[in-house]
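To start, the structure under review is shown below, and the notes come after it.
The values are calculated or read from the model by the stated rules, or taken from the named source; none is laboratory data. Just so we're clear, the structure is a prediction, and the values are computed from it rather than from any experiment. Note that each Cβ is placed from the backbone with ideal geometry, even for glycine, and that neighbours are counted across all protein chains shown.
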Amino acid sequence: MDELMEFLEELHPDVDFETCDTLIDDGILDSFDIITIISEVADMFDVTISAEYIVPENFNSAQALYELITYLEDEG
Amino acid sequence: MQFVSYSFFLFLAIVFVVYYLIPKRFQWMVLLVASYVFYCFAGPKYLIYIAATTFTTWLTALQIDKLKAAQADYLQENKSLSREEKKLYKTATKKKQRHLMLAALLLNLGILAVVKYTNFAISNINAMIGLAGGQPLGYVSLVLPLGISFYTFRALSYLIDVYRGTIPAEKNGFRFALFVSFFPQLIQGPISRYSQIESGLFTPHRLNWKQVSFGLQRMLWGYMKKMVIADRIVVGLTTMTGDTAAYTGAYVLIEVFFYAIQLYADFSGGLDMAIGAGQIFGVDLPENFVRPFFSTSIKEYWNRWHITMGSWFTDYIFYPISVCKPMLNLSKWSRTHLGPVLGKRLTVYLSSFAVWLATGVWHGASWNFVFWGLSNYLVIMISQELEPLYRRFHQRFDVDGKLYFKIFQVGRTFLLMGFLRMYDCFDSVTTTWKMLLTVFTAGNWNILWNGSLMQIGLTAADYIIIAAGILLMFLVSMSQRSGSVREKIHAKPYIVRFVLWTALFMAVLLFGAYGIGYDATSFIYNQF
């Protein structure tokens with residue numbers, strides 16, 4: 001989680017990823033950011049987030065994103 | 001049958017009465033029959049196209065759903081399988097689902113490609129044959145089925161969503177047929193998703209007068225935009241764009257402005273009618289425009305203009321391409337070999353290129369639209385690259401949040417988009433470039449005040465009506481920023497509401513563009 005937070009804060013230094021849970025709803029993350037995140041997550045966790053998981057609920061907060069990564073890791 | 005016709009009003013009235021009179025469980029069936037009757041008016045022979053798309057996507061989605069259910073059952077019954085075995089099994093069934101999905105996708109995109117792009121392909125082949133001195137091929141006579149780009153995209157979004165597992169397949173083919181053909185959104189969208197309108201279409205609706213009056217008000221607002229503004233300003237626009245030798249320089253700048261207004265009033269007006277008509281039956285269709293001319297950047301503009309098309313391309317082209325295995329491998333490779341900055345962006349830029357190429361091609365079978373799409377791509381990518389520079393500039397001169405700077409950004413975006421949109425107005429890419437170039441070279445700025453603009457088919461009365469219409473659109477847009485305008489009017493005393501809506505109704509009747517030779521039956525986006 002720490003590694004993920006560090007990367008997200010680097011991507012958007014102006015956003016408080018600890019508390020924000022409207023990253024998509026408020027337009028903070030755009031489609032370019034999402035692709036950058038997915039690409040980074042693939043490197044960081046060796047997990048592929050396919051298109052079907054790109055829905056607001058999975059990207060609205062750092063916590064939701066981390067939960068998605070954990071789920072995909074478990075799925076193998 | 002088009003939205004701007006007496007037959008449509010009669011049709012709407014009949015459907016309305018039947019819809020609210022019959023038992024509620026049959027309401028959706030009324031809408032289905034009405035939608036197919038509506039489509040029949042465009043020509044019964046085109047029913048085969050929409051029926052084929054409906055049937056193939058419905059059947060395929062059902063098969064995919066069955067495979068998913070079989071997979072779940074198998075895994076339930078074989079809990080002792082190792083993680084690796086489960087993974088192998090899932091991969092194999094996913095592959096079968098993907099093959100089914102791709103077959104239906106290719107079939108339906110194939111139908112769209114054949115009817116929409118065959119003659120475009122032939123004209124390009126002929127150009128090459130001409131260079132080689134050969135005999136040109138003959139063109140084929142194919143008429144585009146009404147709304148084919150819209151209903152095909154709607155059906156495919158459903159198919160992909162079922163494949164992705166985000167929605168279950170609809171078991172009843174007739175219910176699915178209603179989603180594809182629902183008449184308010186048939187001609188020019190919005191490109192709704194099944195999950196967005198399923199409940200509206202199939203939940204029984206009691207007659208709710210507030211909802212019905214809101215729907216009618218929304219439609220009336222659409223008629224105002226279409227008939228008072230778009231269909232009036234188009235007269236001056238076609239005079240100018242029809243004679244590229246006479247109308248150059250400052251005239252082209254006027255064309256940029258006129259076309260922006262005409263396209264917005266025509267397309268968003270049509271969508272107001274569609275959304276309003278949906279609301280009359282209790283079906284909330286998604287919004288397609290959110291004050292696009294208030295955008296401060298091209299990127300923002302595309303989040304506010306033709307929203308349902310933009311999100312379709314993002315969800316079903318941009319993301320799948322960006323996150324597919326080869327693209328992620330390319331991203332990894334490029335980050336190692338080209339550096340972290342370019343490496344990160346390469347995949348986004350390649351996927352965006354595919355999206356904008358597809359957006360251009362979707363809009364029409366001509367090089368003009370391809371160049372239009374790619375020009376948008378270029379501008380967005382350049383803006384993206386210059387973003388850090390902009391940020392530094394904003395900080396250095398402390399302009400962030402300043403009203404004057406926002407007005408400058410809005411004006412800049414309006415002009416830039418206006419220039420790009422001109423590909424739509426001329427017969428070739430090179431003519432468009434030449435005409436845009438004359439803005440800077442012709443030096444005929446005096447036409448703006450020497451009375452020349454009174455010679456383009458618009459009278460002083462036309463200009464006054466258009467200006468009043470634009471002002472009204474602007475004021476409504478300003479008011480929308482703090483909530484629904486109809487709700488605000490609804491909260492006013494009865495007499496105020498009555499006067500306001502009657503005045504709008506009278507404005508459409510008195511100032512709508514009518515007369516001999518006037519064709520109020522077509523919308524720009526009908527041809528898509």
Q) How many residues are over 16 Å from B:L201 (Cβ atoms) and either of a type in the set (S, T, Y) or surrounded by fewer than 18 Cβ atoms within 10 Å (Cβ to Cβ) (or both) when one looks only at segment B:31-47? A) 9
Q: Considering each of B:I254, B:I261 in turn, give the residue that is in a helix (DSSP H, G or I) and over 19 Å from the mean Cα position of the chain (by Cα).
A: B:I254
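Could you tell me how many of the residues in segment B:84-101 are without any contact (Cβ under 8 Å) to a residue 24 or more places away in the chain, hydrophobic (A, V, I, L, M, F, W, C) and within 14 Å of another protein chain (Cβ to nearest Cβ)?
Of segment B:84-101, the ones without any contact (Cβ under 8 Å) to a residue 24 or more places away in the chain are B:84-92, B:94-95, B:99.
The next check asks that each one be hydrophobic (A, V, I, L, M, F, W, C); those that pass are B:88, B:92.
Next, only the ones that are within 14 Å of another protein chain (Cβ to nearest Cβ) stay: B:88.
Number of matching residues: 1.
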Q) Scanning segment B:164-179 for residues that are free of Cβ contacts under 8 Å to residues at least 40 places away in the same chain and in a loop (DSSP other than H, G, I, E, B), which turns out farthest from the chain's Cα centre (by Cα)? A) B:N172
(Q) Checking the structure you have, find out if any residue of segment B:487-495 is of a type outside the set (S, T, Y) and under 27 Å from the mean Cα position of the chain (by Cα). (A) yes
Q. Of all the residues that make up segment B:330-370, how many are at the interface with chain A (Cβ under 10 Å from one of its Cβ atoms), aromatic (F, W, Y) and in contact (Cβ under 8 Å) with a residue 40 or more places away in the chain?
A. 0
Q: Take the residues in segment A:26-73 that are outside any helix (DSSP H, G or I) and in contact (Cβ under 8 Å) with a residue 24 or more places away in the chain, then tell me which one is surrounded by the fewest Cβ atoms within 10 Å (Cβ to Cβ).
A: A:T48
(Q) Quick check on my filter: what residues within segment B:388-399 are part of a loop (DSSP other than H, G, I, E, B) and surrounded by 11 or more Cβ atoms within 10 Å (Cβ to Cβ)? (A) B:V399
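Within segment B:362-379, can you find the residues that are modelled with pLDDT of 90 or more and hydrophobic (A, V, I, L, M, F, W, C)?
Initially, segment B:362-379 is screened for residues modelled with pLDDT of 90 or more, giving B:367-379.
Result: B:W367, B:F369, B:V370, B:F371, B:W372, B:L374, B:L378, B:V379.
Only one of B:A491, B:A460, B:A467 is exposed (fewer than 13 other Cβ atoms within 10 Å of the Cβ), at pLDDT 90 or above and within 19 Å of B:Y259 (Cβ to Cβ). Can you tell me which?
B:A467
Could you name every one of the helices (runs of 4 or more DSSP H) located completely within segment B:303-353 that has at least 1 residues being within 30 Å of B:G189 (Cα to Cα) and modelled with pLDDT of 90 or more?
Counting at least 1 such residues, we get B:307-313, B:319-322.
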Q.
Quick check on B:S452: is it touching a Lys or Arg at 6+ places or on another chain (Cβ under 9 Å), hydroxyl-bearing (S, T, Y) and within 30 Å of B:L416 (Cβ to Cβ)?
A. no
Q: Considering each residue of segment A:1-16, count those that are in a loop (DSSP other than H, G, I, E, B), surrounded by 15 or more Cβ atoms within 10 Å (Cβ to Cβ) and in contact with a helix residue (DSSP H, G or I) (Cβ under 7 Å, 6 or more places away or on another chain), and give that number.
A: 0
Q: With the condition kept exactly as written, say whether any residue in segment A:41-56 is more than 7 Å from chain B (Cβ to nearest Cβ), of a type in the set (A, V, I, L, M) and under 15 Å from A:E6 (Cα atoms).
A: yes
Q: Among the numbered conditions (1) in a helix (DSSP H, G or I); (2) more than 23 Å from the chain's Cα centre (by Cα); (3) not hydroxyl-bearing (S, T, Y), tell me where B:G483 comes up short.
A: (1)
**Q.** All positions within segment B:278-329 that are within 13 Å of another protein chain (Cβ to nearest Cβ) and small (G, A, S)
**A.** B:S295, B:S297, B:G310, B:S311, B:S322
Q | Candidates B:L31, B:L59 - the one that is touching a helix residue (DSSP H, G or I) at 6+ places or on another chain (Cβ under 9 Å), part of a helix (DSSP H, G or I) and farther than 21 Å from B:L271 by Cβ | A | B:L59
